1. Consider the range B:26-63. How many of its residues are of a type in the set (S, T, N, Q), assigned to a helix (DSSP H, G or I) and more than 7 Å from every other protein chain (Cβ to nearest Cβ)?
2. Please work out which residue is modelled with the lowest pLDDT, limiting yourself to the range B:1-25 and to residues that are within 10 Å of chain A (Cβ to nearest Cβ), surrounded by 16 or more Cβ atoms within 10 Å (Cβ to Cβ) and assigned to a loop (DSSP other than H, G, I, E, B).
3. How do the pairs read when you match residues in the range A:100-112 that are under 12 Å from B:Gln51 (Cβ atoms) and of a type outside the set (A, V, I, L, M) with residues anywhere that are in a helix (DSSP H, G or I) and at pLDDT below 95, using Cβ under 7 Å and keeping only pairs 6 or more apart or on different chains?
4. Just one of (1) assigned to a loop (DSSP other than H, G, I, E, B); (2) surrounded by fewer than 17 Cβ atoms within 10 Å (Cβ to Cβ) trips up B:Arg76, so point out which.
5. Looking at (1) surrounded by fewer than 18 Cβ atoms within 10 Å (Cβ to Cβ); (2) at pLDDT 95 or above, find the lone condition where B:Phe40 falls short.
6. For residues that are at the interface with chain B (Cβ under 7 Å from one of its Cβ atoms) and under 17 Å from B:Arg15 (Cα atoms), tally how many sit in the range A:82-91.
Amino acid sequence: MVQYTRARLDASFAALSDATRRGVLEQLGRADASITDLAEKFHMTLTGMKKHVRVLELAGLVTTEKVGRVRTCKLGLRGLAEEAAWIERYHQLWEARFDELDKVVEELKRKEKVDGHKKRE
Amino acid sequence: MDTRRESEATPMKNRTTVERKSDRELVVTRTFNAPARLVFEAWTTPELFKQWWAPKSMGMFLRSCEMDVRVGGRYRLVFGHDASNPDEFFGRYIEVTPHSRLVWTNDEGGDGGPVTTVTFEEKDGKTLLVMHELYPSREALDAAGTGAADAMGETFEQLDELLVTLGTGASVGQS
């Protein structure tokens, strides 16, 4: 979980380091918008805006959905929180499993040591 | 860290990491203080596997566990305290390389199940375990996440029920 969060935070901070992308988030906070809308609002080319949106999307800050020929962008924070919650549960499960596996492996190690001594005798 | 633990026989617990590598991939890593062959043995011997795959701390109970660990061999795990409402997981091993690599399918969910690859990498007597799950689509991974969350919810509900049952026989909360 720690690593997961850190990777996500890195991506989020990188995404937020750009003034245009912060502006896009602010804009999407008010209302969902298409990439064309955003490009116009920020006086950018469509390609340029697509790149910014992609960075925000990868950071989990924005989600996009294509309906027909229009790609609509919206804030993705809720999705991020939900995903983090289930990853956290998954992490708990595997941590619990591996803690038990440690015990099994320690027991195998101990047995092997005993057997090894026997063989050498 | 609790320094007193250092003098005990139990080595310090290693860290488990979980990362969603891409839309379709989930990666779990963990180091074990033992050679790869022992970790592999614990993963491929049913009697040993049963001891750790369903941790009691998670309220899980493994009813039965059949594993035919060889290429093409099948496995079937049945979970749940309630025999009339079992939770089954099954699939087939598609790669078995002793002490280093295991690959299996997860077929209980139909086509949406991931392919799981586990590698055991030994270095200086320790083993780095990497478990990689590749889902057929982003939607399948998302659905699995929701499913896992639901399953966990059910587990806690079972625990709630158990606590209620225990509560009717004796006063709880005094222990």
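1. Qualifying residue count, the range B:26-63: 1.
2. Among them, the one singled out is B:Asn14.
3. Listed pairs, sorted by first residue: A:Glu100/B:Gln51; A:Glu100/B:Trp52.
4. For B:Arg76, the failing item is (1).
5. (1)
6. Final tally of qualifying residues: 4.
Residues checked against (1) of a type in the set (Asp, Glu); (2) modelled with pLDDT under 70; (3) assigned to a helix (DSSP H, G or I):
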| residue | (1), (2), (3) |
| --- | --- |
| B:Thr119 | no, no, no |
| B:Ala140 | no, no, yes |
| B:Ala148 | no, yes, yes |
| B:Leu162 | no, yes, yes |
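The values are calculated or read from the model by the stated rules, or taken from the named source; none is laboratory data. Just so it is clear, the model here is predicted, and its values are computed rather than measured. Quick reminder, even Gly has a Cβ in these numbers, built from the backbone with ideal geometry, and neighbours come from all protein chains shown.
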